[in-house]
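A.B. asks: To start, I am sharing the structure in question, which I have written as structure tokens.
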Amino acid sequence: MRRILTALAVLLLAAACAAPPPPPPRPAAPAPVAARPPPAVAVARFRSVVDRVEPVARSVCRAESPQRNCDFQILVDTRMDQPVNAFQTVDRAGRPVIIFTAAMILDARSEDELAFVMGHEAGHHIAGHLARQRDTAVATAILAGVLAQAGGAPAEAVRAATEVGAAVGARVYSQEFELEADVIGTVIAFRAGYDAERGVAVFGRLPDPGNRFLGTHPPNAARIEAVRATLARLRR
């Protein structure tokens, strides 16, 4: 927690020194879009969400994946030049790490959005997506290399085929993984007392990836529907 507080202090100072963000665009829909909060409010919101969501994520992780390390560490990338983003990884000891960029914290319009994103990233770890993605990439790379070699391709072409196979394999289940993390993130946010349906509004400010072949993210509409369906089950 000390590392989080230190990072947030740096973030607050950096945000105060940065040029003020441009006003949000006027929405086409009648419903107003919440304004971006002042930096001090954004930091306070994030600290509150960490305090409430992390214990729930740990509990869900231990219930769903007791074999995994469920001691989540939540960090902040305070570099002001990084885009709006959050991602999950693991440290050398296998501890799950969730990293928010400063832009993600400052751009969030509510605690619900922060809670949903945090739950979503925790969901990637709970479902073991990093390991599953790595295994698929390795298997696809090996298969592509074997097929190229069997076809009489030279060593350089075999190497290239292996690299392409790894890249394709890493994307094969990416949309499925994102939807699965959305479902788990909805459960975590709900149990922490947040409204994931409000939280998923974050997608409304992100470009819609559509339904591209081997795209890394599913269409926003599919993600919103997954959240709503999960909430319907939880509320019943």
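The values are calculated or read from the model by the stated rules, or taken from the named source; none is laboratory data. This structure is a prediction, so every number in the text was calculated from the model and none was measured. Cβ: placed from backbone, ideal geometry, glycine included. Neighbour counts: every protein chain shown. Note: areas computed on protein heavy atoms with side chains; ligands, DNA, RNA excluded. Shrake-Rupley method; radii C 1.70, N 1.55, O 1.52, S 1.80 Å.
A.B. asks: Might you check whether a residue that is within 14 Å of L114 (Cα to Cα), open to solvent by 40 Å² or more (accessible area, probe 1.4 Å), at pLDDT 95 or above and of a type outside the set (D, E, K, R) occurs anywhere in region 193-203?
C.D. replies: yes
A.B. asks: From the list S59, S65, exactly one residue is touching a helix residue (DSSP H, G or I) at 6+ places or on another chain (Cβ under 9 Å) and at pLDDT 95 or above. Which is it?
C.D. replies: Numbers: S65 fails: at pLDDT 95 or above.
Exactly one of S59, S65 is touching a helix residue (DSSP H, G or I) at 6+ places or on another chain (Cβ under 9 Å) and at pLDDT 95 or above, namely S59.
A.B. asks: If you scan region 88-103, which residues turn out to be more than 20 Å from R62 (Cβ to Cβ) and open to solvent by 10 Å² or more (accessible area, probe 1.4 Å)? First the steps, then the outcome.
C.D. replies: Of all residues in region 88-103, those more than 20 Å from R62 (Cβ to Cβ) come to 92, 99-103.
Once the filter is applied, which keeps residues that are more than 20 Å from R62 (Cβ to Cβ) and open to solvent by 10 Å² or more (accessible area, probe 1.4 Å), region 88-103 yields R92, I99, A103.
A.B. asks: Restricting to region 49-58, what's the tally of residues that are without any contact (Cβ under 8 Å) to a residue 24 or more places away in the chain and open to solvent by 70 Å² or more (accessible area, probe 1.4 Å)?
C.D. replies: So the count comes out to 1.
A.B. asks: Provide a single number: the residues in region 65-92 that are touching a residue at least 40 places away in the same chain (Cβ under 8 Å) and among the small types (G, A, S).
C.D. replies: Residues meeting the conditions: 1.
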